[in-house]
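A quick write-up on the structure given underneath.
The values are calculated or read from the model by the stated rules, or taken from the named source; none is laboratory data. All figures in this text were calculated on a predicted structure; none of them were measured in a lab. Because the Cβ atoms are built from the backbone with ideal geometry, glycine has one as well, and the counts that use them run over all protein chains shown. With ligands, DNA and RNA removed, areas are computed over all heavy atoms of the protein, side chains included. Shrake-Rupley method; radii C 1.70, N 1.55, O 1.52, S 1.80 Å.
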Amino acid sequence: IDKKKFQSDSVISLKDASGSFPLSQPIGVLKWRIVSTNEDDIPLTINCWPSPNGNGTVDVNIEYELNDTRLELDNVIVSIPIPHGAQPSISDVDGVYDVNRAHGTLDWEIQTIDDSNKNGSLDFSIPGSDAGAFFPVVVSFVCKRPYYDITVTSVTTPDGQEVDFSQLVSLVPDQYAVI
C-alpha cells in the first residue's frame, strides 16, 4: 500500500502500480485503531460500584451509558469477575445474565445498545468482602459501522476504470476493560 498517496489523496493504492490486489478473495486493505486515555473517546461508559455491606456480602451496581449515539452495539457482553464458587443474587437487570463458572465471571448480556437503549444497569449481591475482586470488568461487542464516518466511495483500476466491489465494516474492540 502506498502510504504517501493515502495521506495526501485519501486513496488506497499499491506502491507498485504493475501489481494487483487478489481477485475474488477477501483482503483487508485498511485497518484502523484508536488508543486513548481520553474518556471522551470511549463509545460506551461502564461504571462498577461494589459496596461491602459488613455482613459478609458485597452489593454491586454496574451501569452502562452509550456516549456515541450514532453507534449501535450488538451482542454486548460485560464480564464481571466474581469470587470462586460464589452465586450472585440478582435484584435488577436490563438484559440477561449468565454465571460463567469456567471463567469465574458474571456475564451481563445486552443484545443491542443504541440511542433507544443507551442506559442500563445490573444490581446483585454476592458473598465476599473485597470490593477490588470485581475488576477488571471486560466488555465485548460488535458494531456494523466505523467509529469515524469513513467509507469506500469507489474502486478503480490503475487506468481509472471503476470496478464492482464489496466491503465489510466491523468495529470490534481488541481490548475494552475497566480496571
Karplus couplings for region 19-35 from phi (6.51 cos²θ - 1.76 cosθ + 1.60, θ = phi - 60°), rounded to Hz, Gly and Pro as x?
x, 8, 6, x, 8, 6, 9, x, 8, x, 10, 9, 10, 9, 8, 10, 10
Please report, in cubic angstrom per residue, the volume enclosed by the convex hull of the alpha-carbon atoms of the chain.
152
Excluding ligands, DNA and RNA, what is the solvent-accessible area per residue of the chain at a probe of 1.4 Å, expressed in Å²?
67
Given a 1.4 angstrom probe, I'd like the percentage of the accessible area of the chain that is carbon and sulfur, rounded to a whole number.
49
Please report, to one decimal in angstroms, the Kirkwood hydrodynamic radius of region 103-179 built from all distinct Cα-Cα pairs.
17.0
Counting Lys +1, Arg +1, Asp -1, Glu -1, what net charge surrounds residue 2 among other residues with beta carbon under 15 Å of its beta carbon?
+2
Pulled fully out, how much extra length does the chain show between residue 20 and residue 8, if you take 0.36 nm times their separation in residues and subtract their Cα-Cα distance?
2.2 nm
Keeping all protein chains in place and using 1.4 angstrom, which order do 65, 109 fall into by accessible surface area, from largest down?
65, 109
log₁₀ I(q)/I(0) of region 56-119 at q = 0.16, 0.26 Å⁻¹, via Debye over equal Cα point scatterers, no solvent, to two decimals?
-0.58, -1.16
Calculated [θ] (222 nm, deg cm²/dmol) that DSSP helices of n ≥ 4 give over the chain, each run adding -39,500 (n - 2.57)
-1000 deg cm²/dmol
Give the cross-link partners of residue 15 among the aspartates and glutamates, using a straight C-alpha distance below 13 Å as the criterion and excluding same-chain residues fewer than 8 apart.
2
